[in-house]
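Participant: Pasting a structure here, questions to come.
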Amino acid sequence: MNRAFQATLVGIALLLASCGGGQLTAGIEGSGAPVTTVGSITGFGSIFVNGVEYATAGAQIGIDGQPGTEAQLSVGDVVTVVGTVNADGKTGTASQVTFGGNVAGTVDQVNVPTQTLVVLGQTVLVTASTVFDASISPADITGIKPGASIEVSGFANSFGQLVASHIQLLPAAGTLRVEGVVQALNTTAHTFQVNALLVDY
């Protein structure tokens, strides 16, 4: 699965929030009322998120801030689904599905014993549940080398690590992206940090 990335480096897209859970809902599930849910994709044939199969015919698909298609999504991608859930609580209809990787950039470190990677100052934790894109061989942490460009989707844990649900390789030149909580904001020096990444704005 390939996603189109810009051919030139345009900077860091910083989202001033952290992902810490599996689901955020609005409305009453099972009533047909509007529902917004955040979770990793577990299957297709429609799209399965948080145990619900959402029909996606006619849904707007967004990939990294650009219009996309369902074919660009992968199992393990963390998405936001806007739609409704039927009375059975197991099926629904999506009107909008959006995906944005938590971090996209060059791998600085690979630590096989601890099953961690460092990308743009963010520590990425690989687990038995992490889905590796078909372009990564072998399909585990040893298939990723320092200097490779990757995009990681997942959830932050209480230690500030990004627990990877999906990892894919990217073209060498692409848009850098970091999602996290702003720390050590210095309005005089015009700097702040996102974990170990120091940003000069």
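What follows draws every value from the coordinates through simple rules; no lab data is involved. Bear in mind the structure is a predicted one, so any value in this text is a computation, not a measurement. As a convention, Cβ positions derive from the backbone with ideal geometry for all residues, glycine included, and neighbour counts pool all protein chains shown.
Participant: Would you kindly derive the ³J(HN,Hα) couplings of the range 191-201 from the backbone phi angles with the Karplus curve 6.51 cos²θ - 1.76 cosθ + 1.60 (θ = phi - 60°), listing them in order in whole Hz, with x for Gly and Pro?
Facilitator: 9, 7, 10, 10, 6, 8, 8, 8, 10, 9, 10
Participant: Let a ≥ b ≥ c be the square roots of the eigenvalues of the Cα gyration tensor of the range 68-201; is it rounded (a/c under 1.5), or, if not, prolate (a/b larger than b/c) or oblate?
Facilitator: Oblate.
Participant: Another question, then. Residue by residue, what Karplus-based ³J(HN,Hα) values in Hz, rounded to whole numbers, does the range 106-121 have, using 6.51, -1.76 and 1.60 with θ = phi - 60° and x for Gly and Pro?
Facilitator: Each residue's phi maps through the Karplus curve to give 8, 6, 8, 9, 10, 10, 5, x, 9, 6, 10, 10, 10, 10, 6, x Hz.
Participant: To continue, here is another question. Loop only by DSSP, 16 or fewer other Cβ within 10 Å of the Cβ. Give me the chymotrypsin sites (Phe, Trp or Tyr not before Pro) in the range 97-189 that pass, ordered by residue number.
Facilitator: Those satisfying the criteria are F159.
Participant: Would you grab the residues whose amide H sits under 5 Å from the one on V163? Only those 5+ places off in sequence or on another chain, please, with H modelled 1.01 Å from N.
Facilitator: HN-HN under 5 Å from V163: L125, F155, A156, N157.
Participant: Apply the Karplus curve 6.51 cos²θ - 1.76 cosθ + 1.60, θ = phi - 60°, to the phi angles in the range 140-150 and return the couplings in whole Hz, x for Gly and Pro.
Facilitator: Karplus values, whole Hz, x for Gly and Pro: 7, 4, 6, x, 10, 10, x, x, 6, 9, 9.
Participant: While we're looking at this one, here's another question. Sort 134-141, 191-198 for me by packing, meaning the mean count of neighbouring Cβ atoms within 10 Å per residue, highest on top.
Facilitator: Going by the mean number of other Cβ atoms within 10 Å, highest first, we get 191-198, 134-141.
Participant: While we're on this one: Which three lengths, in whole Å and largest first, does the range 34-99 cover when its Cα atoms are put on their principal axes?
Facilitator: The Cα atoms of the range 34-99 stretch 32, 20, 18 Å along their principal axes.
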